[in-house]
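The values are calculated or read from the model by the stated rules, or taken from the named source; none is laboratory data. For clarity, every value in this text was computed on a predicted model and none was experimentally measured. All Cβ positions, glycine included, derive from the backbone under ideal geometry; neighbour counts span all protein chains shown. Accessible surface is based on the protein model in full, side chains and every heavy atom, while ligands, DNA and RNA are left aside. Shrake-Rupley method; radii C 1.70, N 1.55, O 1.52, S 1.80 Å.
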Amino acid sequence: MNGAAFASGSFDAILFDVDGTLAETEEAHRLAFNAAFREAGLAWHWDEAQYRALLKVTGGKERIAAFMQAENLAMDAALIARLHASKTSVYTRIVAEGSLPLRPGIEKLITATRAAGLALGIATTTSRANIDALISATLGPEAFGWFSVIASAETAPLKKPAPDVYLAAFETLGLDPARVIAIEDSFNGIRAAREAGLRVIATPSFYCSGDDLSEATRVVEAGESLAALLGL
Ligand code: XBP
Ligand code: MG
């Protein structure tokens, strides 16, 4: 579908996914998971290829549970919660060091969206602590006031590809889904946004480069300007 699908005036808000969309964060997540496993004395180690496969399961706790099930390990919710808390602590420290920049064009799109008087939001599967660390480290603490809604893992327990986090986000915005555009990087994220009735622009990310992005309204190529595509 061409850019006419996003003619200016045809939308009132943009909802951003976080991991793989705002920034290439999944390698930092992978390092944090492995650090948490080491800290717990577990001989588990997720290499890149294994993590790419595990990313088909959204949500860090759900991902650990899926790994344990595949390894025929007895499910242990308390262990999963401990590991995930430890992982989140390592991940937010990595992000706070400032080594994870926003992806090209993202800050320009956020600035242009604000300048056009349109609403900004976040709809993600990741934990709120991770969002706070990334926004603070990249846009600064004042940026939290730019977002009319921040819907996270804590907002909608049922994770993408379920539409729940998008349904919660545009309910808070008080907008019709047809007037909201989602920016996503993965099959699961695109599916969730489309099921919620949004138009979706897909920006292929490193860890989801093999995903089927065909359900997106439009897939942007590397280097293509999101702001220009949206007439901003
Ligand atoms: C990506 C995810 C998250 C992260 C890890 O979220 O599925 O689970 O991989 O973060 P999105 P948590 O692309 O929707 O931003 O460990 O906090 O889940
Ligand atoms: Mg994502």
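Reducing the range 183-232 and the range 8-34 to their Cα centroids gives an inter-centroid distance of 11 Å. Taking amide H as placed 1.01 Å from N in the peptide plane, the amide H of Val200 sits under 5 Å from that of Ala182, Thr217, Arg218, each at least 5 places away or on another chain.
Stretch Glu71-Glu107 to full length: gain in nm at 0.36 nm per residue minus the Cα-Cα span? It would help to have the intermediate numbers written out before the result.
Working: separation 36, 0.36 × 36 = 12.96 nm, distance 4.08 nm.
In short, 8.9 nm is gained.
Inter-label distance, Arg93 to Ala178: 5.1 nm, where each label sits 7 Å from its Cα along the C-beta direction. Label 7 Å along Cα→Cβ of Leu31; the range 90-120 residues with amide nitrogen under 20 Å? Output list for this probe position: 90-104.
A Cβ-based charge dipole, computed about the Cα centre of the chain with Lys and Arg at +1 and Asp and Glu at -1, lands at about 180 debye. Partners of Lys87 within straight-line reach, counting lysines whose Cα lies under 30 Å from its Cα and excluding those fewer than 8 residues away in the same chain: Lys56, Lys61, Lys159, Lys160.
Provide the per residue accessible area, probe 1.4 Å, for the range 26-96, rounded to a whole number of square angstrom. Intermediate values should be presented prior to the final figure.
On the way: 3510 Å² over 71 residues.
Computed with neighbouring chains in place, this is 49 Å² per residue.
The modelled label-to-label distance between Ser214 and Trp146, using points 7 Å beyond Cα along the C-beta direction, is 3.6 nm. Element breakdown for the chain at a 1.4 angstrom probe: carbon and sulfur atoms account for 55% of the accessible area. Here the range 6-123 is assigned +1 on the Cβ of each Lys and Arg and -1 on the Cβ of each Asp and Glu. Its dipole about the Cα centre then comes out at about 120 debye.
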